[in-house]
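Chemist: Structure provided below as structure tokens; questions to follow.
The values are calculated or read from the model by the stated rules, or taken from the named source; none is laboratory data. Just so it is clear, the model here is predicted, and its values are computed rather than measured. Virtual Cβ from ideal backbone geometry, glycine too; neighbours counted across all protein chains shown.
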Amino acid sequence: MKIQQISKLVTLSLVLVLIGFGVAVSWSLNHLNRAFKTVEFFGQQKDRIYNDINQPVYAYLYSGDTTLLKDLENNLDQLKSDLQANDALSETVKNSLSQIVADIRQTALPELAAAGKLANPQLLLLNNEKQIAAHFQTLLNYVELAADAPADRQRAYLLRIGQAQSTLQSLSRIRQRYFSEPSPGTPDSIQTYLQQLIAHITALDKLPLLGVMKTQADDDSMFTLGDSGPRTKPEDMALEPLAEVRSLLQRYQKDLDNARNIVNDKTSTQTDINQQMQAFDQKLQTLQSALNSEYQYYERMLYGIMVICLLLVLLASGLMLAVKQHLAQIISHVTDYVDKLANGDLSSSIALASKVTEIKQLETSLKKLHDYFKLLIHNIDREISTVAEFGGNIENVARNLNSIIADQQQATEMAAWQMNDLSRSFKVVAGNAAESQTSTTAAQNLIAQGVGHISHTNRQVTDLAQVINNTADALLLLQRDAKAIEGVLGMIQGFAEQTNLLALNAAIEAARAGEHGRGFAVVADEVRNLAGNTAHSANQIQALVEKLGKATHSTVELMTDQQKAADQTTQAMRQVDDIFNGIRQSIDLIYSKSSRIAEATVEQLQVTEQLAHNFENTAELSKQTTAAAQTNIVSASSLAGVCDNLRQLIVKFKLA
């Protein structure tokens, strides 16, 4: 297997592990986050259920306020809507919570409604007691009015009435205690006080009347509208309150029994509601425990995935470390072998124990290098003998070449002296031609400058004419835009008039509507004011546009005159430019001919100088060739020594 394949395999394994780790962690974190949000939301909803459901339930059971029952129903509907709208909750949790809310709505609300109607079962008894107390007060007033009655009778009435009032107060206290803190002996106490009160009333009935009769104003005859029929006989004032008290006491026992039944029903309803709320809390606790367990499950799964991925990464790292250690040993062995080759020791061999393809190829290459070095040394030894033989031949040839080069050097020096004289003559001619060309060039430059200035002036005048034309066009566009603005202003004025009419109609309709249209009338006034301001602003803009149109028209006329003058100036500058162009063409022709003469002279001078230089170079090369021939002789003499040195170097290699 190749190192590259091993590296790719390990890298691929790491990549797969990291990808799997990322996917698993992402999946786990997603579920963990969802579970956390569910737990968090559930905790919030638990507090909300306590505040919006439990507390209103107990408050309603205590007060019987129907507003609390309506608020409780709305809170249940809102809670159910929030549960269904929350995407973080799973369908199981949603269904469980929704079912709990539905159960409360279907079972608890009707019982709460029934229990609320029984919120104050003592109301009838309390009214009964108040009426009895009022009748006792009437009897006291009766005794006070009986001033002519015997004193012992008055005292008997006052004694019985006082005893009855005291018994009534005791009955009220024991009744209130019975309904607030029920106890087994309380009903008997109520019956005892009730019987005592009946006995006091019976005793009052047996007492002789005090003779205080109802006055004519107390009779119902005042409502007869002048009926003159027979009048009823006046009756004693004590008869009516005593009869009312007896009737109230007879009804008190029935009201007491009804109140007991109401209290029992209310207690049963409260017990059922408490049981339902406890069951509701128990379901919430169970659901919360399930959510916490789910959260802990995903948390443990996340930790497990992290541990597995860490172990896989450590395994891949260990594999890479083992491969690295193996390669380090191979490289160390190869380094020792190459060091021996560098020191000239070709007697040893190399053997690398590895299944890696690159290492096997390295072993084969080193063996080939070893064989190549042995063959190279053998060939060098053979070629040294041949080089020594060629060195003797080179020395003989170099001596013959040295004699030939000396004759050639003498002839070359003579030709170089003659070419130097010819070069000096051409330099004089070239100087005269250069002076003529310089004068022509100066004249040409002056003419070119004049033509350039004329052309520049012509371009500036042309640009000025173009700018004037552009300015005129822009002013014409400005005139058209001003006319367009006038059209738009007309539309704005029309729109303002229509808006004003619309606001007026709206004000009329608002006036018809009376009090209901007062706000609409204010809006209509604001719209009418806005329309008036718009029309006024449009008139001001139209006046400015008219002024702008007049100024633009005057400017266009002035720009037309300037445009004509610029065209005339441009035509004159073109004529001057044509004259200077003719002069420049003549000077250019003279300059061209002078340039050709100067160029021909310079070319001849350059050729002559080149020939002289070539002869000098040839003479110099002859000297260098002579020196090289002498060097070849010396080198040929030294070549034998080099061959001896090579033989000594080859001897240092250790061959097997």
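Chemist: Return the residues of the stretch 352-375 that are among the small types (Gly, Ala, Ser) and at pLDDT 80 or above; say none if nothing qualifies.
Modeler: Passing the criteria: only SER365.
Chemist: Does the stretch 301-320 hold any residues that are under 32 Å from the mean Cα position of the chain (by Cα) and without any contact (Cβ under 8 Å) to a residue 60 or more places away in the chain, and which are they?
Modeler: TYR303
Chemist: For the stretch 256-273, state whether one or more residues are touching a Pro at 6+ places or on another chain (Cβ under 9 Å) and over 30 Å from ILE104 (Cα atoms).
Modeler: yes
Chemist: Related question: Pairs under 6 Å by beta carbon, first residue in the same structural domain as LEU249 (by TED's automatic domain parsing) in the stretch 152-174, partner crowded, with 16+ Cβ neighbours inside 10 Å and of a type in the set (Asp, Glu), six or more apart or different chains?
Modeler: SER172/GLU129
Chemist: Here's a follow-up. Given the options LEU291, LEU302, name the one that is assigned by TED's automatic domain parsing to the domain that holds LEU89, surrounded by 14 or more Cβ atoms within 10 Å (Cβ to Cβ) and either β-branched (Val, Ile, Thr) or touching a Phe, Trp or Tyr at 6+ places or on another chain (Cβ under 8 Å) (or both).
Modeler: On inspection, the qualifying residue turns out to be LEU291.
Chemist: Applying the selection to the stretch 67-95, what residues are of a type in the set (Ser, Thr, Tyr) and under 35 Å from the mean Cα position of the chain (by Cα)?
Modeler: SER81, SER90, THR92
Chemist: Can I ask one more? Checking the condition assigned by TED's automatic domain parsing to the domain that holds MET491, over 30 Å from SER423 (Cβ atoms) and within 50 Å of the chain's Cα centre (by Cα), which residue from VAL556, VAL522 passes?
Modeler: Exactly one residue qualifies, and that residue is VAL522.
Chemist: Can you tell me which residue within the stretch 168-182, out of those that are hydrophobic (A, V, I, L, M, F, W, C) and over 15 Å from ILE132 (Cα atoms), is farthest from the chain's Cα centre (by Cα)?
Modeler: Result: ILE174.
Chemist: Has the stretch 266-284 got at least one residue that is surrounded by 14 or more Cβ atoms within 10 Å (Cβ to Cβ) and modelled with pLDDT of 75 or more?
Modeler: No: the stretch 266-284 contains no residue that is surrounded by 14 or more Cβ atoms within 10 Å (Cβ to Cβ) and modelled with pLDDT of 75 or more.
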